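A.B. asks: Just passing along the structure, written as structure tokens.
The values are calculated or read from the model by the stated rules, or taken from the named source; none is laboratory data. All figures in this text were calculated on a predicted structure; none of them were measured in a lab. Cβ placement follows ideal geometry from the backbone for every residue including glycine, while neighbour counts extend to all protein chains displayed.
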Amino acid sequence: MRITILAVSIILSCFSHTAISMTGNKLLSDCEGQYSNMYCMGYIVGALDTWGARPGLRLCIPEDVTQGQMQDITVKYLRNNPETRNHKATWLVAMAAQEAFPCGDQTK
């Protein structure tokens, strides 16, 4: 029983460390990988859900924007801002959304 608990703890700590340490460089690499498209989209959607639930950061993404569009917007942002790709990927996803859909401009 102790071995099972230890094994589960080790596995969970590996996954949580990966999510916390994800950078824009890694996310871009994953998004451009041949077999990781769904992982990329899932990461971006999860990051946006997380930011949307936090007070202090306002995201004004129109309701009709698809997950595929958000993936394209994020990848474009990462490609166009290589100097920021060493930062946390969750933050960069939010920055991409804010740049694409500024809250003051509701006509987009």
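A.B. asks: Exactly one condition in (1) modelled with pLDDT under 95; (2) part of a loop (DSSP other than H, G, I, E, B); (3) farther than 21 Å from SER21 by Cβ is not met by ARG54; state its number.
C.D. replies: (3)
A.B. asks: A further question follows. Among residues belonging to the stretch 19-39 that are outside any helix (DSSP H, G or I) and exposed (fewer than 13 other Cβ atoms within 10 Å of the Cβ), point out the one that is modelled with the highest pLDDT.
C.D. replies: This residue is GLY33.
A.B. asks: Can you tell me how many residues in the stretch 58-94 are surrounded by 18 or more Cβ atoms within 10 Å (Cβ to Cβ) and not in a loop (DSSP other than H, G, I, E, B)?
C.D. replies: 11
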